[in-house]
1. For ASP36 and ARG165, calculate 0.36 nm times their separation in residues minus their Cα-Cα distance, and state this gained length in nm to one decimal.
2. I need the GluC sites (Glu not before Pro) found in region 41-148, filtered to DSSP loop residues with at most 12 other beta carbons within 10 Å of theirs.
3. With a sphere of radius 15 Å drawn around the Cβ of ILE178, what net charge do the other residues whose Cβ falls strictly inside it have (Lys, Arg +1; Asp, Glu -1)?
4. Which of the listed residues, LEU154, ALA118, PHE177, is farthest toward the dipole's positive end in region 100-186, when Lys, Arg count +1 and Asp, Glu count -1 at the beta-carbon?
5. Can you list the chymotrypsin sites (Phe, Trp or Tyr not before Pro) in region 1-107 that are in a DSSP coil and have 16 or fewer other beta carbons within 10 angstrom?
6. Under 15 Å from the Cβ of ARG18, count the other residues' Cβ atoms, weight Lys and Arg +1, Asp and Glu -1, and hand me the total.
7. Are there trypsin sites (Lys or Arg not before Pro) in region 105-186 that DSSP puts in a loop and that have at most 12 other Cβ atoms within 10 Å, and which ones?
8. Using +1 on the beta carbon of Lys and Arg, -1 on that of Asp and Glu, and nothing else charged, what's the dipole of the chain about the Cα centre, debye to 20?
Amino acid sequence: PILAESQERDRTYVVGVRSALIFGRMDLSSLDPAFDDLEPDGTKGPHMSGFFFLYRVRPHLRVGVETLVANANQDARTTMNFQAAGPVVEVTYGDTWFISGVLHAGGLVVNAMSRQGAAPSEGATAGSYFKGDGGFVAPSIDVGYRFRRSEVGLFVKRVNIFGERDRGGISAFSSTFIGVRLAVGL
């Protein structure tokens, strides 16, 4: 048996998560020579995750909010972290197989740390530290598959960071991530 379109319940809300690894590099050395640039290194390289909640406005338009958290491996000499959140707009095309364009923007806090020498087995270590705040605009493209109430897909997200101009600004934290998106319609 095949369900008619009128028998399918419209999913008004979508809730989901994103998980990704850095694709490209993060040029933290432009902040200060004490910081190394962060390169892709699989699960040991910088990674990003997010949680989103979307409301269906029209059949192909959703709006909502999304978080954005990225950090680097704590064992690396240079580490970074940023935390962000803001509104998101998603335009999607397709039913079972879909492609969507997403625009995410908002505010964020960033920090970078660089230690001198190897990581100690316990306690604190001396090094350089940077902290700033500003905003971001993060367009992304998703390609995925819908089945029942679920969605699974691959995405590429470019995070463009701007703000604080003191100490060289924070645009060095801008980067591109590639990963997996999982969502459930409610």
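1. Details: separation 129, 0.36 × 129 = 46.44 nm, distance 2.02 nm.
Full extension of this stretch gives 44.4 nm more.
2. Values: sites: GLU66, GLU90, GLU122; in loops: GLU122.
Hits after loop and neighbour filter: GLU122.
3. Numbers: positive: ARG18, ARG25, LYS157, ARG158, ARG181; negative: GLU39, ASP41, ASP142.
After counting each charged neighbour, the total is +2.
4. Working it through, the farthest residue towards the positive pole turns out to be LEU154.
5. On the way: sites: TYR13, PHE23, PHE35, PHE51, PHE52, PHE53, TYR55, PHE82, TYR93, TRP97, PHE98; in loops: PHE23, PHE35.
Loop-located and lightly packed - PHE23.
6. Values: positive: ARG62, LYS157, ARG158, ARG181; negative: GLU66, GLU90, ASP142, GLU151.
With Lys, Arg at +1 and Asp, Glu at -1, the neighbours total 0.
7. Values: sites: ARG115, LYS131, ARG146, ARG148, ARG149, LYS157, ARG158, ARG165, ARG167, ARG181; in loops: ARG148, ARG149, ARG165.
Sparse-neighbourhood loop trypsin sites (Lys or Arg not before Pro): ARG148, ARG149, ARG165.
8. Details: 19 positive and 19 negative charges, 95 e Å.
So the magnitude is around 460 debye.
Every read-out reported here was derived from the displayed coordinates using simple, explicitly stated rules and does not represent laboratory data. Given the structure is predicted, the values throughout are model-derived calculations rather than measurements. Neighbour counts run over all protein chains shown; Cβ positions are idealised from the backbone, glycine included.
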